[in-house]
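Just below is one structure, and these are the notes that go with it.
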Amino acid sequence: MTLVLAVVALAVGTLALKAVGPVTASGRELPPFARRLTQLLPAALLAALVATQTLGDGQALTLDARVVGVAAGAVAVIFRAPFPVVVLIGAGGAAITRALGWG
């Protein structure tokens with residue numbers, strides 16, 4: 001029962017925190033600095049997610065086939081390949097690396 005109450009309390013708290021922003025900032029413009037920051041934030045969060053999922057293994061850093069796959073995908077992006085091609089190249093790079101016995 002304690003777990004259920006904790007989950008409900010966290011859900012209510014999350015909903016309250018999400019409601020505070022629109023209620024307090026309704027009708028106001030963000031300052032230019034904050035507007036620029038909100039435009040840059042998604043790219044920074046995506047880069048952090050890719051880095052942690054590629055290089056992280058529990059509590060340690062690791063270099064394995066994922067690094068090769070991300071690097072191959074990055075090269076495809078540099079050459080402006082379509083998104084499905086980038087995904088296939090990244091997956092192929094990781095698969096070939098694993099097939100060769102690394103990672």
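Those residues that are of a type in the set (Ser, Thr, Tyr) and surrounded by 10 or more Cβ atoms within 10 Å (Cβ to Cβ), I need them from the stretch 14-36; list them, please.
Within the stretch 14-36, just Thr14 meets the criteria.
Kindly indicate whether Thr62 is in contact with a strand residue (DSSP E or B) (Cβ under 8 Å, 6 or more places away or on another chain) and either touching a residue at least 40 places away in the same chain (Cβ under 8 Å) or among the β-branched types (Val, Ile, Thr) (or both).
Here the answer is yes, as Thr62 does meet what is asked.
FYI, it's all coordinate maths here, none of it is from the lab. Every value quoted in this text rests on a predicted model; they were computed, and no experiment measured them. Note that we place each Cβ from the backbone using ideal geometry, even for glycine, and neighbour counts take in every protein chain shown.
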